[in-house]
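Written below as structure tokens is the structure these notes are about.
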Amino acid sequence: MRSSLKRFLTPPNPSGRSRPRAAGNFLAVGLMSGTSADGVDSALVEVGKNRLRLLAAGFHRYPPSVRREVLAASESGGSADLVCTLNARLGKIFGAAAVGLARKNKIPLRKIDFIGSHGQTIRHLPSQKRGGPSSTLQVGDGAEISRAAGVVVVSDFRTADVAAGGCGAPLAPLAHHVMFSSKRENRIVHNLGGIGNLTWLSAGGGLEEVSGFDAGPANMLLDLCAERFLNKTYDKNGAFALSGRVDGKLLRRCLSHPFFRKNPPKSAGREIFGNDYFNELVERFSDVAPADFMRTLCAATAQTSVGQALRFFRVKGRVRWIACGGGAYNRAVMLELKNRLGAAGETTTSGALGFGEKSVEAVMMAILAHRTIQCLPGNLPRVTGARKHAVLGKISLPGPDF
């Protein structure tokens, strides 16, 4: 099967157009849109067996109408018509993001070997029991992306893990190992997206020693706060949250959620920590000042993440805590993390290690797509709960006119 797939991806090409190769280094674009649904992060990457280099990164913001539609489709009342329309519409937007990144950096599209696209999560329903039925849905059709860019596209990565009995997420730990593993020190990578996820990288450890899980809400609740209290999509640099103080009662309520006590493998999304959860907190704690409310949610993100990491990873000795994702720019979150980590380690951001905070997940999609075209598994069963390894993603090919 492996050799046949490689031959399938390298057909005769009289026009001289670049096609994915079976070996060597590749030029790839990774595309990612998280649960915050603000737009598409893109990364231009050189990737190979022993090579990973971020060449450029970009961001393609969703039009306000598209963001509203994505959030509406993500709620329980989202219609099939809306989801179907978004699948095609977002595919075109993702394709435009890839084309725009290439053109901005003066890279001919014919030189790009493949695109890896996560898509936009509309539903993520992981099983609450290991091995139980899970389901997940990401939209942003790979065929639309391939048609827009004229490049082979690998997309829809989560579903193969779900078919193998896993939660479908998090998929980041494998990529975090490629990007951030160290021979000298233990590291924890904390992706602060809409949902936060944690990855354990032991000093000198291989993929078989990597572990990770979704830790709970991060930017998702903070963005809902910003929309409710500031009429903005987010609290830039955490400035508003920094002006507030932690409310003890609200913090205890946040920490009491059963998800934080659940043993990994575990995954979360807007279904658990979205509007319903946020509105319940706002109604119950209506007397808490807005700045205090937001600062408390920053503290909850930090406390649940550090607490779960120390517990489930069984951390011994000092550890380097690497923050990435949009939340790494939030000074209130970073301060709360630093205070809670204390003497157990030091905090840094992924940008200090060569991968910009907003580009890490886009790079991840290029890494996973590279593994797919090599017929290598992209999931880690100990992380997702899958019964076995799986080659992830679905492949879309450009038309013969490209």
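Summary of computed values
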item: The range 140-166 versus the range 338-388: alpha-carbon centroid distance in Å; result: 19
item: Options 218, 362, 294, ranked by Cα towards positive dipole end of the chain, top entry (Cβ charges); result: 362
item: Normalised contact order of the chain, rounded percent, pairs of Cα under 8 Å and 6 or more residues apart; result: 21
item: Fraction of antiparallel bridges per DSSP, the chain only, in percent to nearest 5; result: 65
item: 10 Å-binned pair-distance histogram of the range 172-353 (Cα, whole percent); result: 10, 41, 34, 13, 2
item: Taking the convex hull of Cα positions in the range 263-399, its mean projected area over all directions (nm²); result: 12.1
item: Reduced Cα scattering model of the chain, Debye log10 I(q)/I(0), q = 0.07, 0.10 Å⁻¹; result: -0.30, -0.62
item: Euclidean distance between Cα centres, the range 47-122 to the range 211-254, Å; result: 26
item: Mean shadow area of the range 63-222, taken as a quarter of the surface of its Cα convex hull (nm²); result: 11.6
item: Rounded to whole Å, sorted largest first: equivalent-ellipsoid semi-axes of the range 149-196, Cα gyration tensor; result: 25, 16, 12
item: Relative exposure of 33, 182, judged by other C-beta atoms within 10 Å (fewest first); result: 182, 33
item: Computed P(r) (all Cα pairs; the range 155-247; 10 Å bins; percent); result: 15, 33, 28, 21, 4
item: Within the range 172-353, percent of DSSP bridges classed antiparallel, to nearest 5; result: 55
item: Within the range 210-350: Cβ-based charge dipole about Cα centre, in debye rounded to nearest 20 (Lys, Arg +1; Asp, Glu -1); result: 680
item: Mean separation of Cα contacts under 8 Å (6+ apart) over length of the range 172-353, as relative contact order %; result: 27
item: All aspartates and glutamates inside 20 Å of residue 388 as judged from Cα atoms, apart from same-chain residues fewer than 8 positions distant; result: 156, 161, 208, 209, 214
item: Order by protection proxy (mean Cβ within 10 Å, highest first), peptides 85-96, 305-316, 154-165, 101-112; result: 154-165, 85-96, 305-316, 101-112
item: 18 Å Cα-Cα threshold exceeded, pairs from 249/338; 49/394; 129/266; 236/266; 183/266; result: 249/338; 49/394; 236/266; 183/266
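Only the coordinates and a few stated rules stand behind these numbers; no lab work does. Model, not experiment: these values are computed from the prediction. For neighbour counting, all protein chains shown are included, and Cβ atoms are generated from backbone atoms with ideal geometry for every residue, glycine included.
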